[in-house]
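> One structure coming up, written as structure tokens, with questions to follow.
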Amino acid sequence: MKKSKFSVLALLMAIMLILAACNGGSKETSKENEGGSGDSSKAKVLNVNNSSEPGSLHPANAQGTHESWILEHTFEGLTKKTEEGKIVPGNAESWKISEDGLKWTFKLKEGLKWSNGDPLTAHDFEYAWKYALKPETAADYAYQLYYLKGGEAYNSKKGKEEDVGVKATDDLTLEVTLEKPTPYFLDLTSFYTFYPIDKKVQEENPKWALDAKTHVSNGPFKLTEWKHKESLKIEKNENYYDKDKIKLDAVNFALIEDENTAWQMYQSGELDLAYPLPVDIQGQMVNSDDKEFKMGKELAVYYYNFNTKVKPFNNAKVRKALSMAIERQKITDNVAQGGQKPAFGVVPPGIPDASGDFQENTGDLFKEDVAEAKKLLKEGLAEEGMKKLPDFSILYNTLDSHKKIAEAVQGMWRDNLGVEVTLENAEFQVKLDREKAGDFEISRAGWVGDYVDPMTFMLWETDGAYNDAGWSNKEYDKLLNEAKSTMEPKERMDALHKAEKVMIDEMPILPVYFYTKPYMVKSNVTGVYAPINAYPNFVYADKK
């Protein structure tokens with residue numbers, strides 16, 4: 001159904017582009033797109049494309065960038081980050097840390113309110129964190145709250161809610177007790193799983209986050225319209241404590257998965273910001289001096305999952321053969337074209353090590369080698385009682401760039417290994433659901449770091465929420481536990497380096513490249529910036 005909807009939308013866009021051309025290429029936006037309330041001629045409205053329909057706009061249930069981009073503008077945690085990545089107070093006014101690093105006491109700002117006018121208190125944070133940990137919530141991101149004392153025990157039904165280490169001692173004070181000292185805990189308090197939810201709203205209507213009419217948030221903007229699979233609108237939240245610094249009246253999010261259609265909308269003036277860009281446009285812009293083109297840093301890795309529960313991808317030699325037989329530099333130079341760096345590990349550049357940069361210190365953890373790949377493939381198949389690979393496919397979500405990269409990999413496997421693979425595209429949410437169900441052989445994936453630490457890329461712990469490969473390795477699990485059990489920087493980082501090597505040696509995933517963040521923003525828009533681990537931020541943007 002969605003495919004047909006996008007086809008109709010694409011046709012409408014083509015008609016609009018033709019009409020625009022007939023009118024001398026006017027870039028005026030329609031009144032409908034100006035949005036906002038009151039005098040639309042004065043309203044400052046930003047138009048962007050969210051690419052995909054969100055599954056949920058509930059902080060506990062969100063799991064991808066198609067949700068987090070909106071949540072990051074409609075909610076706020078105890079802390080938030082500046083353009084430079086510095087952690088500053090958000091809903092919290094201040095905090096204290098005990099000498100052993102286990103007890104954190106946050107003092108909230110006075111007079112905080114929800115978008116519906118309800119008072120926002122420390123009790124809402126306690127309620128939200130325990131709600132995400134509640135086993136019945138089945139939150140994929142519950143593990144991010146395992147840092148709380150008793151958090152994992154409660155989530156796994158081995159402990160009690162009252163023993164979880166978060167408690168509001170009054171309306172303005174939140175006491176947090178951690179299971180172990182966690183160097184990046186303050187960073188986590190700006191992440192969306194740590195956002196508060198309005199306890200009264202949640203208890204009166206558990207489905208409040210699925211409809212704009214019932215959606216309640218505490219950030220700079222509030223959700224005011226959600227036309228499912230078409231568009232969303234957020235408007236300035238008059239109850240936000242820092243509302244006087246918010247210059248935009250509204251932001252319209254289109255929900256268009258086709259980058260080329262979105263790019264045409266940007267060119268015609270229907271969009272003010274374009275991200276992601278079609279790969280050929282990226283290539284053109286990287287080498288241009290177009291002032292609307294921005295190249296942001298990105299803390300993310302592009303990779304393929306192997307379903308290690310499916311034969312013969314349960315065999316490490318088969319997985320390594322397929323990984324060693326692709327040519328990453330050709331993919332980044334000729335297909336992705338956004339200045340990406342070929343990935344021979346999973347932790348991207350930009351994360352501090354005990355000394356220096358973690359990825360630079362790691363270097364390449366494997367090499368491309370077609371001769372060795374042929375040898376490993378033959379050995380791996382023989383171990384599984386096979387003479388050749390059975391029919392299999394690459395599952396990818398509907399973006400032209402993903403299709404082109406999959407086609408390149410398909411061609412490299414054919415040329416280098418004599419292997420044939422089919423390609424299968426699906427809507428983003430459908431792809432995510434199929435990965436969770438194990439309904440794939442190989443699937444495209446990407447991971448944006450939730451915080452600036454290598455731990456956020458260590459996804460392949462046994463039964464981990466985002467271990468879609470289904471891989472399990474006791475040594476990897478042991479090393480992660482060691483890293484979580486010490487505050488000593490070198491000891492932590494050494495354990496994480498070893499864990500990454502153990503994982504890459506068995507290759508449950510096939511790393512392709514480390515992302516960059518190329519995007520376009522109109523010259524009449526100011527104040528947009530690109531955090532290293534998030535989509536472009538426009539909380540304090542302005543439009544002339």
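> Step by step: first the residues of region 267-309, then only those that are part of a helix (DSSP H, G or I) and closer than 25 Å to Y396 by Cα, then the one that is most open to solvent (accessible area, probe 1.4 Å). Which residue is that?
Let us first name the residues in region 267-309 that are part of a helix (DSSP H, G or I), namely 267-268, 279-286.
Then keep just the ones that are closer than 25 Å to Y396 by Cα; that gives 279-284.
Values: V279: 9, D280: 65, I281: 17, Q282: 16, G283: 13, Q284: 109 Å².
Top of the filtered list is Q284.
> Checking the structure you have, find out if any residue of region 473-487 is closer than 26 Å to A336 by Cβ and of a type outside the set (A, V, I, L, M, F, W, C). Outline the logic, then answer.
Initially, region 473-487 is screened for residues closer than 26 Å to A336 by Cβ, giving none.
Checked region 473-487: no residue is closer than 26 Å to A336 by Cβ and of a type outside the set (A, V, I, L, M, F, W, C).
> Looking at (1) in contact (Cβ under 8 Å) with a residue 24 or more places away in the chain; (2) over 24 Å from the mean Cα position of the chain (by Cα); (3) assigned to a helix (DSSP H, G or I), which is the only condition R434 fails?
(2)
> Hey, another quick one. Can you pull out every residue in region 493-544 that is within 18 Å of P349 (Cα to Cα) and open to solvent by 20 Å² or more (accessible area, probe 1.4 Å)?
D494, H497, K498, K501, Y515, T516, A530, P531, I532, N533, Y535
> Looking at L174, L133, which one is within 23 Å of the chain's Cα centre (by Cα) and either within 22 Å of V88 (Cβ to Cβ) or not small (G, A, S) (or both)?
Details: L174 fails: within 23 Å of the chain's Cα centre (by Cα).
Every option except L133 fails the conditions.
> Exactly one of these conditions fails for S98: (1) hydroxyl-bearing (S, T, Y); (2) in contact (Cβ under 8 Å) with a residue 60 or more places away in the chain; (3) on the phi < 0 side of the Ramachandran plot. Give me its number.
(2)
> Would you point out which residue out of E203, E179 is surrounded by fewer than 19 Cβ atoms within 10 Å (Cβ to Cβ) and modelled with pLDDT of 95 or more? Break it down into steps so the answer makes sense when it comes.
Values: E179 fails: modelled with pLDDT of 95 or more.
Criteria check complete, one pass: E203.
> Among the residues of region 217-224, is there at least one that is modelled with pLDDT under 95, over 15 Å from A128 (Cα atoms) and open to solvent by 50 Å² or more (accessible area, probe 1.4 Å)?
Here is the first cut: in region 217-224, the residues modelled with pLDDT under 95 are none.
Scanning region 217-224 turns up no residue that is modelled with pLDDT under 95, over 15 Å from A128 (Cα atoms) and open to solvent by 50 Å² or more (accessible area, probe 1.4 Å).
> Here's a check for you: in region 392-434, which residue that is acidic (D, E) and at pLDDT 95 or above is surrounded by the most Cβ atoms within 10 Å (Cβ to Cβ)? Write out each step before concluding.
Going residue by residue through region 392-434, those that are acidic (D, E) are 400, 407, 415, 420, 424, 427, 433.
Those left that are additionally at pLDDT 95 or above: 407, 415, 420, 424.
Values: E407: 13, D415: 12, E420: 12, E424: 17.
Checked region 392-434; the qualifying residue surrounded by the most Cβ atoms within 10 Å (Cβ to Cβ) is E424.
> Given the conditions (1) surrounded by fewer than 17 Cβ atoms within 10 Å (Cβ to Cβ); (2) in contact with a strand residue (DSSP E or B) (Cβ under 9 Å, 6 or more places away or on another chain), report the number of the one that N481 does not fulfil.
All conditions pass for N481, except number (2).
> Now for a separate question. Go through region 150-173 and give me each residue that's among the β-branched types (V, I, T), open to solvent by less than 50 Å² (accessible area, probe 1.4 Å) and not in a loop (DSSP other than H, G, I, E, B). Don't jump to the end; show me each part of the working.
Narrowing region 150-173 to residues among the β-branched types (V, I, T): 164, 166, 169, 173.
Okay, now just the ones that are also open to solvent by less than 50 Å² (accessible area, probe 1.4 Å), so 164, 166, 173.
Answer for region 150-173, where residues must be among the β-branched types (V, I, T), open to solvent by less than 50 Å² (accessible area, probe 1.4 Å) and not in a loop (DSSP other than H, G, I, E, B): V166, T173.
> State which residue is farthest from T182 (Cα to Cα) when the search covers only region 78-95 and only residues that are touching a residue at least 60 places away in the same chain (Cβ under 8 Å) and not in a strand (DSSP E or B).
E83
> Right, another one. Is one or more of the residues making up region 374-387 touching a helix residue (DSSP H, G or I) at 6+ places or on another chain (Cβ under 7 Å) and at pLDDT below 95?
yes
> Restricting to region 237-251, name every residue that is open to solvent by 20 Å² or more (accessible area, probe 1.4 Å), in contact (Cβ under 8 Å) with a residue 40 or more places away in the chain and either of a type in the set (K, R) or closer than 14 Å to W69 by Cβ (or both).
Once the filter is applied, which keeps residues that are open to solvent by 20 Å² or more (accessible area, probe 1.4 Å), in contact (Cβ under 8 Å) with a residue 40 or more places away in the chain and either of a type in the set (K, R) or closer than 14 Å to W69 by Cβ (or both), region 237-251 yields K245, K247.
The values are calculated or read from the model by the stated rules, or taken from the named source; none is laboratory data. Bear in mind the structure is a predicted one, so any value in this text is a computation, not a measurement. We place every Cβ from the backbone using ideal geometry, glycine too, and count neighbours over all the protein chains shown. When the accessible area is computed, the model is the full protein with side chains, heavy atoms only, and any ligands, DNA or RNA have been set aside. Shrake-Rupley method; radii C 1.70, N 1.55, O 1.52, S 1.80 Å.
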